[in-house]
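The next block holds one structure in the form of structure tokens; read it before the comments.
Only the coordinates and a few stated rules stand behind these numbers; no lab work does. Everything numeric here is computed off the predicted structure, so don't read it as measured data. Note: ideal-geometry Cβ built from the backbone for every residue, glycine included; neighbour counts use all protein chains shown.
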């Protein structure tokens, strides 16, 4: 037989006449270091204790004391783009991730997934003999492809990771997460009452993956990518951590930001003449705030601090596990943030972030009535701009912006076997696309020019390895562009031109600022008027770099891009009719029927034994969502609008045996609506809905049970349907009036930027 498989031995008629040949796998060189990359979400330059803050981060600070702190390190302004650049060593536009993976514009710079022409660190290291593990937030898969229906080609295990445990979207509830294990969705292993928190669960699995590998293959090094959901909203932490920070921030953001800035200067993290940037527009002086504003803001900051402290403790557990295995000495540990602190809590902060994204203003006077919920399972909080700017000290602006507050983050590198200058500072300019080439350089690995048949894009990052031994090493990166939703910047040899774009304004009309960031790190002294020729030079350079790295077309669209999911390339049916047949896994929010902000009908065919009940369809969580269920022989629909429950209950019992149960939901004028529960085609109970949510939740729907935290306070746990649920049909209803049509068009355009 002629075999397509190469064979170097001899095959005779008998074993005596034959010579075997065994396939060999590539093994890493003896003594090759392990690699651990720890990525924290939405955290500013000053948030680590070793970068100035008074938040307790002893484990990260221990790594900093035994390694290096990079004081001039940069990322992109959003999470998915930073992750794409981090894992590939290329700029984010050129690998298809202009913005978050929830978007796909049809252009090469925004596919919502990493190009196959850019192999990830995991793909490269796995082919060089490494075990590869990913844990936590992925957010590099088009969310339409993140359900159990797939396709799976851009899930972690298909992009180089042997094992994966985490969540695929941009955020999740820390007490009730949407979890994926390798290639399938799973339930969390224990309840909140039993002490569950996602960060602990991620580290439990990280330790388990490493133990599995080193126990069986102690000769094989490993690459672990540990990407926490922390400290992205919702800010949630165990009660003891929340209690620890009571009163710690009562002095307010002005005093705290100044204190952290002074700590940074004392630590030598900034050029000597660096100024503390003025308060951003919309950030009020702390002393001028009303008392309720202060109470809310303080409690929200306490929740953030508790979240970060708790995350640090989990990092400490993982580091301790490596040390116990004798692996820490020869492990390269990299710790960084994906972008600056978030501005998505607005000027006051939010008890429930989905209110912010539904354009619902919750005043501090209203929110203080629920202060004790903050940080726990009944909250979905984010802090106000003042605390975000404190976290970005000494910089201005935030995540999403290309000013330093959005892109300048802490970086810690720890490698006892390879770094002698323990506790050293490094001030060279570097960018997140430099991480991958640094790892390759340290390991002696050359990324392939062709990977699995795909010609590879050039690695555009540069190695940071020379700085490991030499604090005075010259800058290897002298030029780096930035772009996000039209915000733009260019760094070149210590100078930076930057513009904060306004949507709808011509890009040619943007106002460019100029800073000598080699000295003016916090962008306080705009030299554009004094040096117009320098501005013109840098702006021209920006256009050159943009052309070279696939930035075009420039696109300042944001939330309206969610509407593209209904076009031909989407799994959403053109008919807007969805049929779900249980049993089936819970779905990501972006995959489920798009019922937010519009009219719709739901019908379920059931066969119910006497006295049974349960959930037919649910979407969201205990903080916001909707659910249709049978209880006490009645059909109920609970519309949980940010904790306010609007319930329709049938006036007649649900029949025993076969029946059709449903709800008719109609969006009305003025932002409200009405819902009727329906049994065998007849409405039999209704409720007025004062406000129809456009964005219901980041947690998706489930059929035949309520996955995660219960949407309704009338049942507990998943409350699975006890009879036979044949199918659930949902139909989006066409608008019947011009006003309703306009409202539904608006609903299509709105979605959650918290998935960033």
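Of note:
- If you wrap the Cα atoms of segment 245-331 in a convex hull and average its projected area over all directions, you get 8.4 nm².
- Translational D in µm²/s for segment 1-119 (Stokes-Einstein at 20 °C, 1.002 mPa s, Kirkwood Rh from C-alpha pairs): 111
- Estimated FRET transfer efficiency when R0 is 30 angstrom, pair residue 149-residue 559 (beta carbons, to 0.05): 0.75
- The relative contact order of segment 480-548, computed from alpha carbon pairs under 8 Å that lie at least 6 residues apart in sequence, is 27 percent.
- The modelled label-to-label distance for the pair residue 727/residue 219, using points 7 Å beyond Cα in the direction of Cβ, is 5.6 nm.
- The distance separating the Cα centre of segment 254-287 from that of segment 629-678 comes to 52 Å.
- Zone of residue 734's modelled label, taken as backbone nitrogen in segment 647-677 under 19 Å from a point 7 Å along Cα→Cβ: 665-668
- Cβ crowding within 10 Å ranks 97, 464, 584, 484 as 584, 484, 464, 97, fewest other Cβ atoms first.
- Once the C-beta distance of residue 258 and residue 425 is scaled by a Förster radius of 22 Å, the resulting FRET efficiency is 0.50 to the nearest 0.05.
- Plainly put, segment 357-463 has a radius of gyration that is 1.14 times its Kirkwood radius, both from alpha-carbon atoms, as the Rg/Rh ratio.
- Prolate/oblate/rounded call for the chain, Cα gyration tensor, a/c under 1.5 rounded: oblate
- Extension gain, residue 105 to residue 479, is 131.9 nm, computed as 0.36 nm per intervening residue step minus the present C-alpha separation.
- Shape category assigned to segment 631-700 from the gyration tensor of Cα positions, a/c cut at 1.5: prolate
- The reciprocal of the average 1/r between distinct C-alpha atoms defines the Kirkwood hydrodynamic radius, which for segment 380-521 equals 17.7 Å.
- Each of residue 531 and residue 552 was given a label point 7 Å from its Cα along the Cα-to-Cβ line. The distance between the two points is 2.8 nm.
- Centroid-to-centroid, using Cα positions, segment 453-485 and segment 306-381 are 29 Å apart.
- Debye log10 I(q)/I(0) for segment 123-196, one point scatterer per Cα, at q = 0.16, 0.27 Å⁻¹: -0.59, -1.25
- For segment 480-548, the orientation-averaged shadow of the C-alpha convex hull comes to 4.6 nm² (one quarter of the hull surface).
- Computed from label points 7 Å out along Cα-Cβ, the spacing between residue 454 and residue 607 is 4.7 nm.
- MRE, 222 nm, helices only [DSSP H, n ≥ 4, -39500 (n - 2.57), over the chain, to nearest 500]: -6500 deg cm²/dmol
- Cβ-to-Cβ counts within 10 Å put 718, 30, 291 in ascending order as 30, 291, 718, the fewest first.
- Counting beta carbons within 10 Å around each of 191, 623 and listing the fewest first gives the order 191, 623.
- When DSSP beta bridges are restricted to pairs lying wholly in the chain, around 75% turn out antiparallel.
- Rounded, prolate or oblate (a/c below 1.5 giving rounded, otherwise prolate when a/b exceeds b/c) for segment 604-736 by Cα gyration tensor: oblate
- Taking every alpha-carbon pair under 8 Å whose residues sit at least 6 apart, the chain reaches a relative contact order of 16 percent.
- Protection proxy ranking of 437-449, 102-114, 82-94 - average other beta-carbon atoms within 10 Å, highest first: 82-94, 102-114, 437-449
- Euclidean distance between Cα centres, segment 574-610 to segment 140-191, Å: 21
- With contacts taken as Cα pairs under 8 Å and at least 6 residues apart, segment 622-680 reaches a relative contact order of 27 percent.
- Using 0.36 nm per residue and subtracting the Cα-Cα separation, the extra length available between residue 186 and residue 325 on full extension is 47.1 nm.
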